[in-house]
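The values are calculated or read from the model by the stated rules, or taken from the named source; none is laboratory data. Just so you know, these numbers come straight off a predicted model, no measurement behind them. In this analysis, Cβ positions are derived from the backbone assuming ideal geometry, glycine residues included, and neighbour counts consider all displayed protein chains. When the accessible area is computed, the model is the full protein with side chains, heavy atoms only, and any ligands, DNA or RNA have been set aside. Shrake-Rupley method; radii C 1.70, N 1.55, O 1.52, S 1.80 Å.
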Amino acid sequence: MAISFSLKARDGLARRGLLVTPHGEVETPAFMPVGTLGTVKGLLPSQVWQAGAGIVLGNTYHLHLRPGDDRVARLGGLHRFMNWPGAILTDSGGYQVFSLAETRSITDKGVVFRSHVDGRMIDLTPEKAIAIQENLGSDIAMVLDECPPAGCSPVDLERAVARTVAWAARCRNAGTRADQSQFAIVQGGLDIGMRRQCAADLVAMNFPGYALGGFSVGEKPEAMAEALPACAAALPENKPRYLMGVGRPEDILMAIAAGIDMFDCVLPTRNGRNAQAFTRQGELRLRNAAFRDDPAPLDSDCDCPACVGFSRAYLHHLFACREMLGPILLSAHNIRFYQRMVAGARDAIATGSFVAWSRDWLVGPTRSL
Ligand SMILES: [Zn+2]
């Protein structure tokens, strides 16, 4: 089966929906923890599941290099390999090629780059990006796109958009798995006209879902906030909308208000490994000596393993001694924090109170709604 998507409630531009995948149902707005190398760093799949996540993200670029997508396929596919019971979305590898790989050349055919692992040259074409993702067996595959850097020239932006549309068509033609659905990616930077044209060209190809790429790549958060409602409105009502790589809690709430359904970001786990915990009052830095004698839980609102049973003083101690339980507990907390946030958003949309709820939900210094 392929995916299906249905809207359950609307509140202004915000949407609550249900995404049905071959590996279970996912309520939207949804946050997808990032499992770059087939693991959400530091957490057991059961911990990610219990935090409320029904879908995680895997990285095509990384899994192609190690352990190799053909090996994953021989071992039963990515779900079985990483023992994840829920749905998986894989990216196309394009973003990592543009951000990680050293030597690369981009032509209309595809991208050639040097592996950051062993230095070999690798070809990534739209057809190969889909073949790799079919080997991985993800429920949702992303098309290969060209993500232009923020502030690039209009000529470069236009070329990247044209290439993105052409590559999307080649990905659509290359797909062979009935149990994998492809999402197209809209590029166009902060040029709303170009975004609309790109979206129209991709919508004409009738993809099962659409993503907005090229945000959170160095532009100001206010610029993204300004562009998102028009970008979301250029996408079909009845298909899921995914904002790639965003972001901070306040960015996600802003994007939900603009009509986005799906999110992914490395922040909860990356910051957790670095002793930073998300709370409604803002981020806590657990290495700070102020927590040395603090008997309070990390976040008294939270029901995660870190907040039930451990004190801030203990978490501070773990990081001070570089104990591995520290990054594990804070990653678990941060993943749960993001899941509680999108669950709260879903409830608020259902009762028509999203704007008031989101204004109240983040009360700390990080809010910028
Ligand atoms: Zn917690």
Residues of region 271-290 classified as under 22 Å from Pro45 (Cα atoms) and either within 9 Å of the ligand (Cβ to nearest atom) or in contact (Cβ under 8 Å) with a residue 60 or more places away in the chain (or both), total
5
Among the residues of region 83-132, write down those that are surrounded by fewer than 24 Cβ atoms within 10 Å (Cβ to Cβ), at pLDDT 90 or above and among the hydroxyl-bearing types (Ser, Thr, Tyr).
Thr107, Thr125
Residues in region 68-92 that are outside any helix (DSSP H, G or I) and in contact (Cβ under 8 Å) with a residue 24 or more places away in the chain total 11
Some residue of region 345-353 being away from the ligand (no atom under 16 Å from the Cβ), assigned to a helix (DSSP H, G or I), of a type in the set (Asp, Glu) and open to solvent by 10 Å² or more (accessible area, probe 1.4 Å):
yes
Test for Phe337: is it under 24 Å from Thr28 (Cα atoms) and modelled with pLDDT of 95 or more:
yes
Condition check for Pro45: under 15 Å from the mean Cα position of the chain (by Cα) and open to solvent by less than 50 Å² (accessible area, probe 1.4 Å)
no
Check Val363 against each of (1) within 15 Å of the ligand (Cβ to nearest atom); (2) surrounded by fewer than 17 Cβ atoms within 10 Å (Cβ to Cβ) and name the one condition it does not meet.
(1)
Set Val308, Val342: member being open to solvent by 10 Å² or more (accessible area, probe 1.4 Å) and within 16 Å of the ligand (Cβ to nearest atom)
Val308
All positions within region 291-302 that are surrounded by 11 or more Cβ atoms within 10 Å (Cβ to Cβ) and either more than 7 Å from the ligand (Cβ to nearest atom) or of a type in the set (S, T, N, Q) (or both)
Phe291, Arg292, Asp294, Ala296, Pro297, Asp301
Is there a residue in region 287-301 that is within 30 Å of Ser6 (Cβ to Cβ) and in a helix (DSSP H, G or I)?
no
One residue is enough: does region 311-323 have a residue meeting the conditions within 26 Å of Asp360 (Cβ to Cβ), open to solvent by less than 30 Å² (accessible area, probe 1.4 Å) and either within 16 Å of the ligand (Cβ to nearest atom) or not in a loop (DSSP other than H, G, I, E, B) (or both)?
no
If you take the residues in region 327-339 that are among the hydrophobic types (A, V, I, L, M, F, W, C) and out of contact with any strand residue (DSSP E or B) (no Cβ under 8 Å at 6 or more places or on another chain), which one is farthest from the ligand (Cβ to nearest atom)?
Ile328
Output for region 295-328, where each listed residue is touching a Ser or Thr at 6+ places or on another chain (Cβ under 9 Å) and touching a residue at least 60 places away in the same chain (Cβ under 8 Å):
Pro327
Test result for Met142, closer than 30 Å to Gln50 by Cβ and hydrophobic (A, V, I, L, M, F, W, C)
yes
Filter region 48-57 down to the residues that are buried (at least 24 other Cβ atoms within 10 Å of the Cβ) and in a helix (DSSP H, G or I) and list them by number.
Val48
Scope region 138-161; condition part of a helix (DSSP H, G or I) and either buried (at least 17 other Cβ atoms within 10 Å of the Cβ) or among the charged types (D, E, K, R) (or both); matching residues:
Asp156, Leu157, Glu158, Arg159, Ala160, Val161
